Amino acid sequence: MTRTAGPRDFDPFSPSFVTNPYPQLASLRREGTVHHVRQPNGIERYLVVRHEEGRGVLTDRRLSADPAYGRAALERAGYLKPGDSSGLVASLLTTDPPVHTRLRRLLASSFDMGLDYLEPVVARQAAELLTAMEQAGSPVDLVSRFAHPLTIATLREILGINEDASASFTRWISDVLTPRHRPNADAIRQAADKAIRAYLSSLITAKAADDGGDDLTARMIARWREDPARVSEVELSNMLYELILAGYLTTAGLIVNGVLALLDDPAQLELFRADPAVRASGVDELLRFDGPAFSSSVRFATQDITVAGTLIPQGAMVAVSFAAANRDERAFPGADKLDLSRPNSGTHLGFSHGIHLCWGAPIARMEARVAIGALVERFGALRLAVDRSAVQWGAVGNSRSPACLPVSADD
């Protein structure tokens, strides 16, 4: 058993790391499986960087998603004030069974529209956005003109958000995801958070007063009204909030990162364009190769545990680096090479693993497959409109993706 000497400095938000984290992560993998790290914001955690052990951590019942188990660590880092529980919200990401099981079952039983309904909606929205891009002429930003509006439109459809509120809704989401290093970031994030929660409260009230509805929000509310013990209004609001942020940030990042990875490898781009049959597994490979989520949500040790010979003390924070685990040569030979035909790409950890596997993973896969497929089919001469080194990356929370991606589609 190894007890680490103390935390090492680790900054996942440094410009160099956000632009290309893989060399540093490869170095950590060579050194060992588990690393005690301290971020500039004061957060200390044990970071797991290998694939097999990462999968094990994500299913280890001795590690809880409930931040109450890590209160001392959160207080030391200034994320919680002593005695304050306002930051300990009950959601899919912050609960364990049986609460997590109850919430997830409610969500699954409420999603009746299915992918067969959603896919034509996404295809239609993608086609409209691509036509607008075509009319605008080159160059055009793939982030603001395609990936973000497409994911917002899909969320609107799933959650039953009024189209009239779309502009405000989009702005609020953008603001709540403002990186902490930007001027006035805390004030911007707090105002946006307040606006989103107020909107969700009004949405729940409006849909509760209107019987029926085929969207996810309406169906969850119907089940809440049938049996309030199944979910509280606070839990319902928190779940909707969580679904919005995950559905927006992760899916848009998957599309943008995936397109850039294909543009970097013309042979793989042509394979994706020419063979629709390869696209389903190809999306998993794009997610493995350069997915937007850097790491898992944090787990908290409910007791002293040992992972790969490293002692992790009770109350410590633990996270799995998806970006590191998905480039682990032990699991993916030739891991630094994009290979759309890779036979085991679906074993990546980009959507997490275990009971906290992303509920919306099938939706995100479908959106990316349809969106990227439509894009490369429409524009046979698609290419970057700037030098590759000029692509500006950004990071929000546990995600990294180009802040903008100027492309040209002229023949």
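The values are calculated or read from the model by the stated rules, or taken from the named source; none is laboratory data. It should be emphasised that the depicted structure is a prediction, and the values quoted were computed from it without experimental measurement. For neighbour counting, all protein chains shown are included, and Cβ atoms are generated from backbone atoms with ideal geometry for every residue, glycine included.
Some points to look at:
- Residue match in segment 361-369 (condition: surrounded by fewer than 19 Cβ atoms within 10 Å (Cβ to Cβ) and part of a helix (DSSP H, G or I)): yes
- Yes/no for VAL283 being part of a helix (DSSP H, G or I), under 14 Å from PHE351 (Cα atoms) and in contact with a Leu (Cβ under 9 Å, 6 or more places away or on another chain): yes
- Residue within segment 378-386 that is assigned to a loop (DSSP other than H, G, I, E, B) and in contact with a helix residue (DSSP H, G or I) (Cβ under 7 Å, 6 or more places away or on another chain) present: yes
- Of the residues making up segment 107-126, those that are over 21 Å from the mean Cα position of the chain (by Cα) and either part of a helix (DSSP H, G or I) or modelled with pLDDT of 90 or more (or both) number 9.
- Candidate set: segment 237-288, residues that are over 17 Å from LEU405 (Cβ atoms) and β-branched (Val, Ile, Thr); chosen: the one modelled with the lowest pLDDT: ILE244
- Search result, residues across segment 217-243 that are within 11 Å of the chain's Cα centre (by Cα) and crowded, with 23+ Cβ neighbours inside 10 Å: none
- Residues that are under 30 Å from ARG61 (Cα atoms) and of a type in the set (Phe, Trp, Tyr) occur in segment 353-361; there is at least one.
- ILE188 vs. criteria β-branched (Val, Ile, Thr), more than 16 Å from MET366 (Cβ to Cβ), in contact with a Lys or Arg (Cβ under 9 Å, 6 or more places away or on another chain) and part of a helix (DSSP H, G or I): yes
- GLY350 vs. criteria at positive phi and not hydroxyl-bearing (Ser, Thr, Tyr): no
- One residue alone among LEU177, LEU142, LEU159 is touching a residue at least 24 places away in the same chain (Cβ under 8 Å), within 23 Å of the chain's Cα centre (by Cα) and under 18 Å from LEU405 (Cα atoms), and that residue is LEU142.
- Against the list (1) assigned to a helix (DSSP H, G or I); (2) crowded, with 16+ Cβ neighbours inside 10 Å; (3) out of contact with any Asp or Glu (no Cβ under 6 Å at 6 or more places or on another chain); (4) not polar (S, T, N, Q), the condition ILE161 fails is (1).
- Scanning segment 106-125 for residues that are closer than 30 Å to ARG378 by Cβ and polar (S, T, N, Q) yields one hit, GLN125.
Rundown of residues vs (1) surrounded by fewer than 14 Cβ atoms within 10 Å (Cβ to Cβ); (2) farther than 29 Å from ASP410 by Cβ; (3) of a type in the set (Ser, Thr, Tyr), yes/no style:
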| site | (1), (2), (3) |
| --- | --- |
| ALA136 | yes, no, no |
| PRO139 | no, no, no |
| VAL143 | no, no, no |
| LEU177 | no, yes, no |
| ILE196 | no, yes, no |
| SER202 | yes, yes, yes |
| THR205 | yes, yes, yes |
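- Test set (1) more than 23 Å from LEU107 (Cα to Cα); (2) part of a helix (DSSP H, G or I) - PRO183 fails condition number: (2)
- Selection status of VAL234, hydrophobic (A, V, I, L, M, F, W, C) and over 30 Å from VAL386 (Cβ atoms): yes
- Remark: pairs (first residue in segment 328-343, in contact (Cβ under 8 Å) with a residue 60 or more places away in the chain; second residue among the small types (Gly, Ala, Ser) and in a loop (DSSP other than H, G, I, E, B); Cβ separation under 8 Å; 6+ apart in sequence or on different chains) = ASP328/ALA335.
- Which numbered condition ASP193 misses (of (1) at pLDDT below 80; (2) assigned to a helix (DSSP H, G or I); (3) closer than 28 Å to ASN398 by Cα): (1)
- Candidates ASP275, ASP264 - the one that is surrounded by fewer than 20 Cβ atoms within 10 Å (Cβ to Cβ), in contact (Cβ under 8 Å) with a residue 40 or more places away in the chain and not small (Gly, Ala, Ser): ASP264
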